[in-house]
Amino acid sequence: MTTLPDWLSAETDDAALASAIASMAAAGVDIAAELRQAPISGHTGLAGATNVQGEAQKALDVISNDIVLKHLEANSVISILISEELDEAVDLASEGRFIIATDPLDGSSNLDVNVTVGTIFSVLPAEGGLLQKGTAQLAAGYVAYGPATSLVVRITGKTSVFTLDESGTWQLTVDTAAIPTASGEFAINTARERFWDAATTAYVSESVAGETGPAGKRYNMRWVGSMVADIHRILMRGGIFLYPLDSETQSKGGRLRLLYEANPMAWLVEGAGGRSTTGTQSILDVEATGIHQRIPVILGSADEVARIEGFYAR
Ligand code: P6P
């Protein structure tokens, strides 16, 4: 089977970029080991602090961030780390060529109930500075800590999936991920219905009407509450993920973060033939104004993204 180093050397001639991705993959191996033992080590609780988002930090949020920092500090090609768990960007190697923006442990509120969580990362050119559009990404990926430990990564070509084997090696298990254009599965937190805008309300209402309504086909709903879990399902079998702007999140610009959640996920989804939108524009075209900026996030099967964009265009 193809391993991650084989895949990296086939996907890029830039050994430094390959090593930046390899460092995040190695951090994922260490974080996976921590998570497997968490209920025993007692690390599933709160860290007793809050992050810049005002969210209570889990012990494993801090531990995962420390693991990422350890790996990136040891790699001289990384110049700056932007992390959901750190208020400010951290300067690393002054001669480094890449910025890494990461959510070290996304969905950590699910740890206590043993649901899939993940590490999301984006690789940007250092010369572009902290605030770059998603189109500037050189690579992106996530590690999904689930029944299997998966690494999903894309440089500028295909989106591929690796599975961590028992020896700690990433083995290529999906060479070219392909999100079906059509899907009958949507993912949204329906408890927020009272905050939704008209387009989201219309999209969900039409989906729920299924074959009896204008969509003319049956839909099913899934919502894990862990972005990596929801996006991985969509990457594997199609669907659409929606965390749109709503009346409650509008003042903050949305719920999910641009640099280390929306942009890397949009990079991966679009690399697999899916689409991304804020409702009115591709996520990858959004101007970055802050390292913890939030935006509306809609990602997944092209036909479904187009259908909700149609409601926004009305
Ligand atoms: P809600 C997890 O906290 C997260 O950032 C994403 O992983 C997930 O998709 C979303 O928030 C869940 O949000 O409002 O349903 O709890």
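The values are calculated or read from the model by the stated rules, or taken from the named source; none is laboratory data. These numbers come from a predicted model, not from an experiment. So basically every Cβ, Gly included, is an ideal-geometry build from the backbone, and we count neighbours across all protein chains shown. Note: areas computed on protein heavy atoms with side chains; ligands, DNA, RNA excluded. Shrake-Rupley method; radii C 1.70, N 1.55, O 1.52, S 1.80 Å.
Descriptive notes on the structure:
- Scanning the stretch 218-268 for residues that are of a type in the set (G, A, S), open to solvent by 10 Å² or more (accessible area, probe 1.4 Å), touching a residue at least 40 places away in the same chain (Cβ under 8 Å) and more than 24 Å from A182 (Cβ to Cβ) gives G225, S247, G253.
- Residue match in the stretch 227-237 (condition: more than 16 Å from the ligand (Cβ to nearest atom) and under 19 Å from the mean Cα position of the chain (by Cα)): yes
- Hey, E193 assigned to a helix (DSSP H, G or I), surrounded by 16 or more Cβ atoms within 10 Å (Cβ to Cβ) and out of contact with any Leu (no Cβ under 8 Å at 6 or more places or on another chain) or not: no
- When L86 is tested against the conditions (1) free of Cβ contacts under 8 Å to residues at least 40 places away in the same chain; (2) open to solvent by 10 Å² or more (accessible area, probe 1.4 Å); (3) in contact with a strand residue (DSSP E or B) (Cβ under 7 Å, 6 or more places away or on another chain), the lone failure is (3).
- Residue check: T159 meets all listed conditions (1) buried (at least 22 other Cβ atoms within 10 Å of the Cβ); (2) farther than 26 Å from I308 by Cβ but one, namely (2).
- Qualifying residue in the stretch 140-148 (condition: within 16 Å of the chain's Cα centre (by Cα) and part of a loop (DSSP other than H, G, I, E, B)): yes
- Residue check, E206 in contact with a Gly (Cβ under 7 Å, 6 or more places away or on another chain), more than 28 Å from P125 (Cα to Cα) and either open to solvent by less than 20 Å² (accessible area, probe 1.4 Å) or not assigned by TED's automatic domain parsing to the domain that holds P104 (or both): yes
- Exactly one residue among P180, P214 is under 30 Å from I21 (Cβ atoms) and not acidic (D, E), and that residue is P180.
- Whichever residue in the stretch 93-107 is buried (at least 22 other Cβ atoms within 10 Å of the Cβ) and more than 16 Å from the ligand (Cβ to nearest atom) and, among such residues, is farthest from the chain's Cα centre (by Cα): F98
- Test: S64 is without any contact (Cβ under 8 Å) to a residue 60 or more places away in the chain, within 16 Å of the ligand (Cβ to nearest atom) and crowded, with 24+ Cβ neighbours inside 10 Å: yes
- On the stretch given as the stretch 108-139, residues that are open to solvent by less than 10 Å² (accessible area, probe 1.4 Å) and either within 16 Å of the ligand (Cβ to nearest atom) or not in a strand (DSSP E or B) (or both) total 8.
- In the stretch 67-83, the residue that is least open to solvent (accessible area, probe 1.4 Å) out of those that are without any contact (Cβ under 8 Å) to a residue 24 or more places away in the chain and within 25 Å of L35 (Cα to Cα) is L81.
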